[in-house]
Amino acid sequence: MKNYVVKKKIYSIGLFGNPVKHSLSPLIHNIFSKEIKINYNYNLFLCTKSNFFIEIKKFFQCGGFGCNVTVPFKKLAFHALHQYSKRAKISNSTNTLKKSIDSNILGDNTDGIGLIYDLKRLKYIKKYSKVLLLGAGGVAHSIIYHLLKEQCSVVILNRTLDKSVDLIKKFTHFGKISVFSDRLNKYEFDILINATSCGLYNQSPFFPKYVVTPKTICYDISYSRTQSLTPFLLVCKNLGSTNISDGFGMLVAQAAYSCLFWFGVLPDINKTFNKLKLMF
Ligand code: ATR
């Protein structure tokens, strides 16, 4: 009788963005791959605005199975899709793509569900929590729907007022959402979330100091590999907040939901989070 060696398929997964060099996603997916026993490579692709679509197309034509898209291409990537999930459509952006058997590109957005998972893990979120959201860019678009679905009320404070107003118009039919007002919104927030891109420049966004009390939960969607606290969390800590967290847990959770989208299996988020925490 002949002996057949059955080679296990290795799936090709990529990350497209700029910058990508310091991404922790390869490490996270390496752990997931071993845990779910599905062999996949996770390669980084540094793109520019002008070659992003070409690179994505090339990747899928050359056998790419799925990919993640990160800053600053999540909105752009939405236009590469043939089909999208409800949450990708609502946010008008995508961070997770895969090729279907009929060669269509399908897209999802796992940022919002990743954030909610982490806020629940930390026991930071409750029904009717009052959230002050800093920022009105791509990340804010990805998470607002999910916060409203949890029946939180959301107040937006952004450097550019017009963008906050646009967000309100877009999401008002999903729940309670308004623009921050110095006069109306004093002392009332349970959670302050930083969804600006300030962390990329090692800065904290501006916000009135009185919104942080010792009870206020402060969550930064970005995370820092080099400092123990992000600039935003440092400001919050100095203002007396004792409940603070960066977005490392969200990063792991959104990656796990990407895995679910590609392979139909959700890795153990908490186990991976704890493993990674020991490494840093
Ligand atoms: P992302 O996809 O990371 O959300 P984005 O869509 O460019 O990136 O949005 C960046 C967000 O961070 C915006 O809300 C931006 O405010 P503006 O709408 O006023 O541009 C906010 N942001 C960036 N730098 C900031 C800074 N130095 N202070 C305050 N907000 C800042």
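Each reported figure results from applying straightforward, stated rules to the coordinates on display, with no laboratory input. Remember, predicted model here, so these are calculated numbers, not experimental data. Every residue, glycine as well, gets a Cβ built from its backbone with ideal geometry; the counts of neighbours run over all protein chains shown.
Helix-only mean residue ellipticity at 222 nm, the chain, DSSP H runs n ≥ 4 weighted -39,500 (n - 2.57), per residue, nearest 500. What is it?
For the chain, the value works out to -11000 deg cm²/dmol.
Once amide H atoms are built 1.01 Å from N in the peptide plane, which residues 5 or more positions from residue 15, or in another chain, come under 5 Å H to H?
For residue 15, whose amide H was placed from the backbone, the distant partners under 5 Å are 43, 44, 45, 68.
Cβ neighbours within 10 Å, averaged per peptide: list 5-12, 133-140, 162-169 in order, most packed at the top.
133-140, 162-169, 5-12
Given charges of +1 on the Cβ of Lys and Arg and -1 on the Cβ of Asp and Glu, with all other atoms neutral, how large is the dipole of the chain about its Cα centre, in debye to the nearest 20? Mind dumping the intermediate values first?
Numbers: 38 positive and 15 negative charges, 108 e Å.
Computed charge dipole of the chain: roughly 520 debye.
Could you list, by residue number, the cysteines of the chain that have no other cysteine's beta carbon within less than 4.7 Å of their beta carbon?
Cys with no partner Cβ under 4.7 Å: 47, 62, 67, 152, 198, 259.
I'd like to know which of 221, 135, 6 lies farthest towards the positive end of the charge dipole of the chain, counting +1 on Cβ of Lys and Arg and -1 on Cβ of Asp and Glu.
It is 6.
Pairs to check: 123/237; 120/215; 8/86. Give those whose C-alpha atoms are more than 29 Å from each other in this structure.
8/86
Can you pull the three principal axis extents for the Cα set of segment 112-246, in Å, largest first?
Over segment 112-246, Cα extents along the principal axes are 39, 30, 27 Å.
Two decimals, Cα atoms only, Kirkwood Rh: what is Rg/Rh over the chain?
Details: Rg = 19.5 Å, Rh = 19.6 Å.
Taking Rh as the inverse mean 1/r over Cα pairs, Rg/Rh reads 1.00.
Select from 194, 239, 117 the residue farthest towards the positive end of the dipole of segment 112-246; place +1 on Cβ of Lys and Arg, -1 on Cβ of Asp and Glu, and compute about the Cα centre.
The residue sitting most towards the positive pole is 117.
Quick one, what does Rg over Rh come out to for segment 1-158 if you take C-alpha atoms and the Kirkwood Rh?
1.04
With only Lys, Arg, Asp and Glu charged, each at its Cβ (+1 for the first two, -1 for the last two), find how big the charge dipole of segment 17-68 is about the Cα centre; round to the nearest 20 debye.
With only Lys, Arg, Asp and Glu charged at Cβ, the dipole is about 60 debye.
Taking a 30 Å limit on the Cα-Cα distance, which of the listed pairs 130/275; 126/275; 127/209; 170/277 fall beyond it? Present the calculation step by step, with values, prior to reporting the outcome.
On the way: 130/275 32 Å; 126/275 27 Å; 127/209 25 Å; 170/277 37 Å.
As for pairs spanning more than 30 Å Cα to Cα, those are 130/275; 170/277.
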